[in-house]
1. Multiply the residue gap between Ser21 and Ala110 by 0.36 nm, knock off their C-alpha separation, and tell me the result in nm, one decimal place.
2. Taking all pairs of different Cα atoms in the chain, averaging 1/r and flipping that mean, what Kirkwood radius in angstroms comes out?
3. Which length gain, in nm to one decimal place, applies between Gln102 and Arg60 when the Cα-Cα distance is subtracted from 0.36 nm times their residue separation?
4. Principal axis lengths of segment 1-48 from Cα atoms, whole Å, largest first?
5. Could you do me a favour and compute the accessible area per residue for segment 1-76, 1.4 Å probe, result in Å²?
6. Which lysines have a Cα less than 25 Å from the Cα of Lys48, not counting those fewer than 8 places away in the same chain?
7. What is the percent carbon and sulfur in the accessible area of segment 20-61, measuring with a 1.4 Å probe over the protein chains and ignoring ligands?
8. For Gln50 and Glu10, what does the FRET efficiency come to when R0 = 41 Å and r is the distance between their Cβ atoms, rounded to the nearest 0.05?
Amino acid sequence: MLAPHPFGTEITVQQLLALFSDKSQWEDRYRQLIQLAKQLPPLPEELKQQQLELKGCENRVWLGHQFNEDGTLHFYGDSEGRIVKGILAILLTQIEGKTPQQVIEIELMALFDQLGIHQQLSTSRSQGLDSLVSAIRQTAESCL
């Protein structure tokens, strides 16, 4: 059984904006990302399958989804890296419970700019974020 995560349901985009609004230093944003990562339940080992593992990320990252009967998507994932796991939590907040069409229409990178995170990421983490965004978009498109 997959443990539910709070992102996109209990934790909203507005709450993320509020959490990061007073974080002017990168170190504070970094700590906030780690706090978000701690709230994302780890994936069971049996779900850490090769087909769920994304390529192009510095740390190992898994991203899976379920297509719900009501036409919405449930995404889940995990990463060995705390920062990447925090980035994944922010992405999940934006896409959880949305229809494939809604997911495609979201400008996923915009929130990272608003939170002051995107410009602080290393090149490899930025490429990992790009890989995650691409995988999310491909998943949504395949469910249309």
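The values are calculated or read from the model by the stated rules, or taken from the named source; none is laboratory data. No experiment lies behind these values; they were computed from the predicted model shown. No Cβ is skipped: glycine too gets one built from the backbone with ideal geometry, and neighbour counts run over all protein chains shown. Note: areas computed on protein heavy atoms with side chains; ligands, DNA, RNA excluded. Shrake-Rupley method; radii C 1.70, N 1.55, O 1.52, S 1.80 Å.
1. So the chain would gain 30.5 nm between Ser21 and Ala110.
2. Value: 15.2 Å, from the Cα pair sum.
3. Gain on extension, Gln102 to Arg60, equals 12.4 nm.
4. Answer, in whole Å and largest first: 39, 22, 11 Å.
5. 62 Å²
6. Within the straight-line cut-off, Lys48 pairs with Lys38, Lys85, Lys98.
7. Here carbon and sulfur together make up 44 percent of the probe-accessible area.
8. 0.85
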